[in-house]
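Undergrad: Sending over a structure as structure tokens; questions will come in a sec.
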Amino acid sequence: ELTFLSKREILLAYKRFSELLPKEERENARTRRVPKSHILTLPELRANPFQHRICHVFSTSEAGDDSMSFEDFLDMLSVFSDSATSDIKSHYAFRIFDFDNDGTLDRKDLEQLVNCLTGQGEESRLSSMEMEQLIQNILEESDIDKDGTINLSEFQHVVSRSPDFASSFKIVL
Amino acid sequence: RDSRQTDIKYLSGWKKWKRASSKSLKKILSEAKGLSSYVVLWRHDIHIIEGRFGTAIQSYFSFLRFLVLLNFIIFILMFSFVTLPTIISDYGIFNSTIAKISSKNIEYNCTIYEPNGNKGLIYFYTYLQDLLTGTGFLEVTSLFYGYYTADAVWISIMRYNLPLAYLLAAFACLALSLLWIIKRSVGGFKQSLVHDADPFQSYCNKVFAGWDFCITDPDAAQLKHRSLKYELQMDLEEERLKQKIADRTIKERLRIYSLRIFINIIVIAILSGCFYSIYRVTVFSQEKSSDISSTNFQANLFVQYLPSIVITLANFIGPQIFSFLIRYEEYLPAFEIILTLMRCVFLRLANIGVLLFSLWSQISDCATDKCEPCGYNYKLYPCWESDVGREMYKLMIFDFLIILAFTLFVDFPRKLLVTHCSCKIVQWFGLQEFNISDNVLEIIYGQTICWIGTFFSPLLPAIATVKYFIIFYVKKISLIHTRKTADKPIRASSSKFLFLAVLLIGLVLAFIPVGVSIASIPSSKACGPFRNFNTSWEVVPDTILEFPRGLQQVLFGIASEAFAVPFFIVVCLIMFYFIALAGAHKQVVDQLKEQLVLDGRDKRFLVQKIAEAQRH
């Protein structure tokens, strides 16, 4: 009821989560927090360019160290599961893409987003002229009120008409 | 799942049973599918290639696998209907005998045919030469048309009409290839039709939904990064080019069009040059090879292989020139690729056509009474079908040897040079990329040769199967060890359909020579199953005349105009109906798109209102 996952998936998630903890702490895995470095060793997140953002968005740690408890982990898997609604997915996608956490996607966020997509390293980035042209095109397509940023409703509108979003925004353990 | 379970409570017993049985059927089907995927040839190898090099290169290898299977099936067909009965009757198994009906009114001179099947002591290199050129001991084997000199085969008491079987088996092979290719390409065609319409949000779609969160392998992630970067760059460049094209002044447009016309004239000149040289070389080679007395091994081999060498040279140089010239024509990148591909396809297939045409001009060279009694040049070509089969055999062997030689002597040394020698010029050359279109054209060229040669040399598909089987492993090893991963990943979905479309062009081209030689060139009287007929096609009307009168009348009726014209009209009507249906569907799709745009505008208006309200 709280998540979109089935019972079997929750049990599998519990098993994978407790594997991330050192042996002595596995007994009360439900209350422990796993540091970010351990989460990033999961194969599903290892190759993902948005790994840091994902940990940051789903972590409820007050210390700000992006560590995740089991509930955070379940939350994340639930949003990324097949049965999550497109609304929930686009909401969280917006938060993940918002690199400076200011509630809107401005030019800097978009630039960082494109750099994440094209890969790490200097030679895999687009030239500044291409980046300018690309961001101009994106804003033209999605910025409705022409304020130079994309807010949540604009983002959800654009994503709802994108055919690939539902199938690509998915992680299955 | 919940809603289904609540439904079940309310459903009657019959519907419950139906639902349960459809569920179990689906399960059984998916398990069967899972099992059958184990039986597929090279499934594991192609999977590895896909993971490391991307879907476009994987589509090349699965295309190769398709050709291996196709050739194998064609071989089984020809073997079981043509070769097997002949071999059985040759060795007298099952009390079988061959009936050779002696010809009624054919000149004696036309029937002289003495293939020198190597009697007595000969040098070893003659065997090698014969193997490479299809003469000598190979000429009298079941590889070539000349072996099947039987008019009927009697197996116990059954009469097996070999000429009819030969003709129908050849047609069946071509028809089977056609049907199989069409079936495979329909899927790709549908896909390319659906994805063809440019969505009006392509950039947002690529950026926000571009990354596949399911990727777990770092190598696949690298590949995805590269392909995303390339796609974005390509789209941006295309937009820039479109802008540039729209901005062109009249003067610039005149300049570009005249340049394009000039370059097309150059292309046509190059093509005619190639065709003429192939024609001259083929004529020269045929004239020289009929002069058997020359025993110089190398020179003889060289003369025999001269047409193949010239064709391969033309196939190699032509595409390089085309890709150099097309840069000056300033088309959009997507169109550039298609135009170069079309030109290369035309070059390769037309080369084969010119070779066959020059062969026929030699065979039907009736200038000075050379072919008076028999209808063809009987002195030089007593068994001309075997000669044509031999040319196709030589082309195929040479093609195979060239591919092996290129891999051994160009790719591997290049890799060695690049890894061990660090001087600048070598590093600038770098490793070679796997050029998909060149490789695909190569194997399509080989397959066209195989189709043309199937009528003249029934065992040629077997050679083609073995050839492609070996080429798969050669290319795979060369790819893994000597190629760098491409900087420019190509769109895979359109490639699959493109390969099959070009293969279809090759098949249609293969129909033409076979059709012409069956229907209009007199079959050779000295060898083969069609000695007693004027042309090879005549065996069909002859057989029909032996049918009962009623059936004959029906068949004649179908072939007459009284039936053909109404049939044609009905087919046209059906075609118009489908075209109209497709047009109506497209209209509906356009209307729905417009509705989406209107919906979007409504939504935008509402969002604007919300934003305004939020601001206050």
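The values are calculated or read from the model by the stated rules, or taken from the named source; none is laboratory data. Values in this document were obtained by computation on a predicted structure and should not be read as measured data. Note: ideal-geometry Cβ built from the backbone for every residue, glycine included; neighbour counts use all protein chains shown. Accessible surface areas use protein heavy atoms only, side chains included; no ligands, DNA or RNA. Shrake-Rupley method; radii C 1.70, N 1.55, O 1.52, S 1.80 Å.
Undergrad: Within 10 Å of each Cβ of A:113-124, how many other protein chain Cβ atoms are there on average?
TA: Going residue by residue through A:113-124 and averaging, the value is 4.
Undergrad: List the lysines whose Cα sits under 16 Å from the Cα of B:K603, skipping any in the same chain fewer than 8 residues away.
TA: A:K146, B:K593
Undergrad: How many nm is it between the label spots at B:W17 and B:F124, if each spot is 7 Å from the Cα in line with the beta carbon?
TA: Distance between label points: 7.7 nm.
Undergrad: May I ask for the Rg/Rh ratio of the range B:205-344, computed from Cα atoms with Rh as the Kirkwood radius, given to two decimals?
TA: Ratio value, two decimals: 1.22.
Undergrad: I would also like to ask the following. Among the listed pairs B:K183/B:K586; B:K23/B:K206; A:K170/B:K609, which are separated by more than 29 Å between their Cα atoms?
TA: B:K23/B:K206; A:K170/B:K609
Undergrad: Can I ask one more? Go ahead and estimate [θ] at 222 nm for the protein assembly as shown from helices alone: -39,500 (n - 2.57) per DSSP H run with n ≥ 4, summed, over the residue count, rounded to 500.
TA: -22500 deg cm²/dmol
Undergrad: Let me check something: with ligands and nucleic acids excluded, how do B:D212, A:D102, A:D87 order by accessible area (1.4 Å probe), largest to smallest?
TA: Solvent-accessible surface, decreasing: A:D87, A:D102, B:D212.
Undergrad: Where does each of A:I138, B:I215, B:I321, B:I250 land when they are ordered by accessible area, with a 1.4 Å probe and the largest first?
TA: Ranked from most to least accessible, the order is B:I250, B:I321, B:I215, A:I138.
Undergrad: Moving on to the next point. Give me the percent of accessible area attributable to carbon and sulfur for the protein assembly as shown, probe 1.4 angstrom.
TA: Its accessible area is 63 percent carbon and sulfur atoms.
Undergrad: Using Cα-Cα distances under 8 Å and only pairs 6 or more residues apart, what relative contact order does chain B have, in percent?
TA: Rounded, it is 23 percent for chain B.
Undergrad: Can you tell me which of A:S128, A:S78, A:S69 moves the most in a GNM of chain A? Springs connect C-alpha atoms under 10 Å apart.
TA: Comparing A:S128, A:S78, A:S69 in the GNM, the peak value goes to A:S128.
Undergrad: I want to verify the translational diffusion coefficient of the range B:303-354 in µm²/s; compute it with Stokes-Einstein, Rh as the Kirkwood radius over Cα pairs, at 25 °C and 0.890 mPa s.
TA: Roughly 206 µm²/s, to the nearest whole number.
Undergrad: Where a Cα-Cα gap under 20 Å defines reach, which lysines qualify for B:K467, not counting those fewer than 8 residues away within the same chain?
TA: B:K394, B:K475, B:K476
Undergrad: Taking the Cα centre of the range A:86-169 as origin and charging only Cβ (+1 Lys, Arg; -1 Asp, Glu), how large is the dipole, in debye to the nearest 20?
TA: Approximately 300 debye in magnitude.
Undergrad: Set the Förster radius R0 to 25 Å, insert the Cβ-Cβ distance between A:D100 and A:S124 as r into 1/(1 + (r/R0)^6), and round the FRET efficiency to 0.05.
TA: 0.65
Undergrad: Could you pull out every one of the aspartates and glutamates with an alpha carbon less than 17 Å from that of B:K27, ignoring same-chain neighbours closer than 8 positions?
TA: Partners found: none.
Undergrad: Sticking with this structure for a sec: Report the one residue of B:T249, B:A165, B:T83 whose Cα lies farthest in the direction of the positive end of the charge dipole of chain B (charges on C-beta: Lys and Arg +1, Asp and Glu -1; origin at the Cα centre).
TA: The residue sitting farthest along the positive end of the dipole is B:T249.
Undergrad: Just to confirm, what accessible area per residue do you get for chain A at 1.4 Å probe, in whole Å²?
TA: On a per-residue basis, chain A sits at 50 Å².
Undergrad: Filter B:K224/B:K496; A:K7/B:K26; A:K89/B:K15 down to the pairs with a C-alpha to C-alpha distance above 29 Å, please.
TA: A:K89/B:K15
Undergrad: I'd like to know which of B:S272, B:G515, B:A221 lies farthest towards the positive end of the charge dipole of the protein assembly as shown, counting +1 on Cβ of Lys and Arg and -1 on Cβ of Asp and Glu.
TA: Positive-end residue among those listed: B:G515.
Undergrad: Roughly what % of Cα-Cα distances in chain A sit above 24 Å, to the whole percent?
TA: For chain A, the share of Cα pairs beyond 24 Å comes to 42 percent.
Undergrad: Any chance you could look up the accessible area of A:R32 with a 1.4 Å probe, heavy atoms only, rounded to 10 Å²?
TA: Estimated to the nearest 10 Å², A:R32 gives 90 Å².
Undergrad: Additional query: When N counts the residues of the range A:86-169, how does its alpha-carbon radius of gyration compare numerically with 2.2 N^0.38 Å, as a ratio?
TA: Output field value: 1.08.
Undergrad: What angle, in degrees between 0 and 90 and rounded to the nearest 10, separates the Cα long axis of helix A:128-142 from the longest principal axis of the Cα atoms of chain A?
TA: Rounded to the nearest ten degrees, it is 80.
Undergrad: What average number of partner chain Cβ atoms lie no more than 10 Å from the Cβ of the residues making up A:38-46?
TA: 2
Undergrad: Averaged across A:165-173, how many Cβ atoms of other chains sit within 10 Å of each residue's Cβ atom?
TA: Per residue, the number of nearby Cβ atoms from other chains is 4 on average.
Undergrad: Buried accessible area between A and B (1.4 Å probe, both chains summed, ligands and nucleic acids excluded), in Å² to the nearest 100?
TA: Chain pair A/B: roughly 3700 Å² of buried accessible area.
Undergrad: Looking at the range A:67-149, which trypsin sites (Lys or Arg not before Pro) are DSSP coil and have at most 12 other C-beta atoms within 10 Å of their C-beta?
TA: Sparse-neighbourhood loop trypsin sites (Lys or Arg not before Pro): A:K146.
Undergrad: Taking the Cα centre of the protein assembly as shown as origin, sum charge times position over the Cβ atoms of Lys and Arg (+1) and Asp and Glu (-1), and report the length of that vector in debye to the nearest 20.
TA: The dipole of the protein assembly as shown has a size of about 1520 debye.
Undergrad: Then there's this: With angles folded into 0 to 90 degrees, how steeply does helix B:250-289 sit against the dominant principal axis of chain B? Use alpha carbons for both and round to 10.
TA: Value to nearest ten degrees: 30.
Undergrad: For chain B, the longest stretch holding no GluC sites (Glu not before Pro) located in a DSSP loop with at most 16 other Cβ atoms within 10 Å is which?
TA: Longest gap between qualifying sites, sites excluded: B:108-329.
Undergrad: Something else: Please list A:D100, B:D411, B:D247 from largest to smallest accessible area, probe radius 1.4 Å, with all protein chains kept in place.
TA: Solvent-accessible surface, decreasing: B:D247, A:D100, B:D411.
Undergrad: Rg to Rh for the range B:50-546: what is it, with Cα atoms only and Rh by Kirkwood?
TA: Reported Rg/Rh (Cα atoms, Kirkwood Rh): 1.02.
Undergrad: Any idea how far apart B:A519 and B:E252 come out in nm if each label point goes 7 Å out from Cα toward Cβ?
TA: Reported label-point gap for B:A519 and B:E252 is 5.1 nm.
Undergrad: Mind jotting down a quarter of the surface of the convex hull over the alpha carbons of the protein assembly as shown, in square nanometres, one decimal?
TA: If I average the Cα hull's projected area over directions, I get 51.3 nm².
Undergrad: Hey, with R₀ at 56 Å, roughly what FRET efficiency would B:F412 and B:E612 work out to, going by the Cβ-Cβ distance, to 0.05?
TA: 0.20
Undergrad: Under a GNM of chain A (C-alpha, springs under 10 Å), which listed residue has the highest mean-square fluctuation: A:S83, A:S127, A:S160?
TA: Checking each option, the largest mean-square fluctuation is seen for A:S127.
Undergrad: Report, in debye and to the nearest 20, how large the dipole of chain B comes out about its Cα centre when Lys and Arg carry +1 and Asp and Glu carry -1 on their Cβ.
TA: Computed charge dipole of chain B: roughly 2620 debye.
Undergrad: Right, here's the next one. Using only the alpha-carbon atoms, what does the range A:7-80 span along each of its principal axes? Please give whole angstrom values in decreasing order.
TA: So the three principal-axis extents are 30, 28, 18 Å.
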